[in-house]
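Asks: First, the structure itself, so that you have it in front of you.
The values are calculated or read from the model by the stated rules, or taken from the named source; none is laboratory data. What you see is a predicted model, and the numbers here were worked out from it, not measured in a lab. Cβ sites come from the backbone with ideal geometry, for glycine too, and all protein chains shown count toward neighbours. For accessibility, only protein heavy atoms count, side chains too; no ligands or nucleic acids. Shrake-Rupley method; radii C 1.70, N 1.55, O 1.52, S 1.80 Å.
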Amino acid sequence: MAIVGAGLVGLIVAERLTALLPGVQVLVVEATSRLGGLCASQWNEHLGVNVHPRGTHVLATSSRRVWTYIAANTRVIPYRHRVYASYQGELVPLPLGLEAVQAVYGADLDAERARVLVERDAAPYRGKAPLTVEDAALASVGPRLYEAFVHGHVTKQWGVDPAKLSPEVFTSRFGLTYTRDNQYYPDARYQGLPAGGWGSMLHRLADRPGIRLELGRAASAEDPPEYARACVVTSPIDAWFGFDRGALERRSLAVEWRRTPASEAPRAATVTHPDPAVPYYRTHAPGLLPGGGPTVTDSTALVGYERHGPGEYQVDFVLRSPANQQLADTYRARARQLANGGLLFAGRGATFYDDMGTSIAAALTCATTLARRLRTP
Ligand SMILES: Cc1cc2nc3c(=O)[nH]c(=O)nc-3n(C[C@H](O)[C@H](O)[C@H](O)COP(=O)(O)OP(=O)(O)OC[C@H]3O[C@@H](n4cnc5c(N)ncnc54)[C@H](O)[C@@H]3O)c2cc1C
C-alpha cells in the first residue's frame, strides 16, 4: 500500500488502513520535508501555543463519524467559530446577517424592513441563471452589500475580478440571513479545535506501527511510489499526470506573521478586510482562540496577514472558473478509469475546496473501501 501526500487525508487513510488491516505496511511519500500539508501546525514561543501558519483551521461538521474519529485521536476544545468583516472600523459578523444590513443601510432597521430594502435592490439582478460571482452576489444581496462585503473580499482573495469567477465562490461562502446569529457555521453540530494543534495530531497518526514515511519525495504517474495492490494519491491531480492535458490555473495566498502592537491587532481571531485600500484580505490572531495557552502578557500580539501572492506560508489553490472546472473534470474522469487498477484519488488534490469535515469523511470512506477490497484475495 502506498499513499502520496502526508496531509490530513493521506495520514488518516494511512492510520485507518493500519487499524483495519493488521499487519499491513503503508508507505507514505511526501514532497516536502514536513507532515500535515495545509493543516501543519508549529509551536510559537511568543504565544506559547501551536499556530497554524497557513491560517486558522476550525473543524465544523455535523458528521458524528468525523467527530468521533477526531475526538478519539486528540483532545478537542469545543469552540463555535466566529468570523468578522472589518467595515468602516466596525466588526460585522459573517456570514452576512442583520448587522451587515444595518451597517450599510442604517442602524435602526428591523429584520422586516432590512429584507424589504435588500430585496428591492437585488430584484433588478434576478431572473437569469448566474454565470459569475458578481451575478450570484448581486441577485442575492444587491449592489450595496456586494460592494461593502463581497467585491473587495473576493478580488483580494482570488486576485481576479469577481465577474470572472464561477458563482459557487459566492454561494459556497456567502449568504444572507436577517438574524443576529453570528456563528460562522451555524448549522454544524460539532465544532472545535485540537488541543495541541492539528500538526500534533497528524504526527501521532503517522507514528503508528506499519506506517513508513518518506519525506522530500515528489511522486507522479511517471515516478510512482512502489505499491503492490493500491495507491491513494492526494497530490494535485494535474501534476500527477504531468500536466499533459494542461495545467489548472492557480492562484496563491500567503500568510505573513508579524508581532503587532496590541493596540493595532485585530479584535477577533479571524477578520476579513474587504476594503480595497487594505493590502491583506484576512487576518488571523491565534492568541484570541480558546485554548490559546497563556494570555499574551507583553504589548504585542502575533498576527497573520493573509494576502494574495507568493510567500513563506503559501497556499496554492485552483481558480474557480468554468475553464478550470472543465479541465479538472477531464483529469477526474481519467483518474476514475484507474481505480480498478488500484490507483485512487482523494483529498484536496482532486477536489480542491473541501473543508476538513468533508476531507476527513472522504478519508474514512476511502480507507474503509480499500480495506474491504484488500481483504478480498
Ligand atoms: C487557507 C485555507 C484555510 C482553511 N481553513 C479551514 C478551516 O478553518 N476549516 C476547515 O474545515 N477547512 C479549512 N481548510 C481546508 C483544509 O485545509 C483541507 O480540507 C485539508 O487540509 C485537505 O487535506 P489534504 O490532505 O487533502 O490536502 P493537503 O493538506 O494539501 O495535503 C496534500 C499533501 O500532499 C503533498 N504533496 C503534493 N504534491 C506531492 C507529490 N507530488 N508527491 C508527494 N506529496 C505531495 C503536499 O505537500 C501535502 O502535504 C482551509 C484551506 C485553506 C486553503
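Asks: For the stretch 273-366, give me every one of the strands (runs of 3 or more DSSP E) that falls completely inside it and has 1 or more residues that are without any contact (Cβ under 8 Å) to a residue 24 or more places away in the chain and either open to solvent by less than 20 Å² (accessible area, probe 1.4 Å) or small (Gly, Ala, Ser) (or both).
Replies: So the answer is 282-284.
Asks: Can you name the residue in the stretch 212-240 that is of a type in the set (Ser, Thr, Tyr) and within 24 Å of VAL318 (Cα to Cα) and, of all such residues, is surrounded by the most Cβ atoms within 10 Å (Cβ to Cβ)?
Replies: Here the answer is THR234.
Yes or no, residue by residue, for (1) away from the ligand (no atom under 16 Å from the Cβ); (2) in contact with a helix residue (DSSP H, G or I) (Cβ under 7 Å, 6 or more places away or on another chain); (3) modelled with pLDDT under 95; (4) within 23 Å of GLU168 (Cβ to Cβ):
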| position | (1), (2), (3), (4) |
| --- | --- |
| ALA301 | yes, yes, yes, no |
| ASN340 | yes, no, yes, no |
| ALA346 | no, yes, no, yes |
| ALA350 | no, yes, no, yes |
| ALA361 | no, yes, no, yes |
| PRO377 | yes, no, yes, no |
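Asks: Turning to a different aspect of this structure: Only one of these is assigned to a loop (DSSP other than H, G, I, E, B), hydrophobic (A, V, I, L, M, F, W, C) and surrounded by fewer than 18 Cβ atoms within 10 Å (Cβ to Cβ): LEU109, LEU131. Name it.
Replies: Answer to the selection: LEU131.
Asks: Kindly check whether there is at least one residue in the stretch 246-259 that is surrounded by fewer than 22 Cβ atoms within 10 Å (Cβ to Cβ), of a type in the set (Lys, Arg) and assigned to a loop (DSSP other than H, G, I, E, B).
Replies: No, the stretch 246-259 contains no residue that is surrounded by fewer than 22 Cβ atoms within 10 Å (Cβ to Cβ), of a type in the set (Lys, Arg) and assigned to a loop (DSSP other than H, G, I, E, B).
Asks: Show the residue pairs that are 6+ apart or on different chains and have beta-carbon atoms under 6 Å apart, the first residue being within the stretch 58-76 and farther than 21 Å from TYR184 by Cα, the second being surrounded by 13 or more Cβ atoms within 10 Å (Cβ to Cβ) and modelled with pLDDT under 95.
Replies: THR74/PRO194; ARG75/ALA195
Asks: Among the listed residues ALA268, ALA219, ALA228, which satisfies the condition of being away from the ligand (no atom under 15 Å from the Cβ) and not polar (S, T, N, Q)?
Replies: Among ALA268, ALA219, ALA228, only ALA228 is away from the ligand (no atom under 15 Å from the Cβ) and not polar (S, T, N, Q).
Asks: Here is a further query. Go through (1) in contact with a Lys or Arg (Cβ under 9 Å, 6 or more places away or on another chain); (2) away from the ligand (no atom under 12 Å from the Cβ) one by one and return the number of the condition GLU306 breaks.
Replies: (2)
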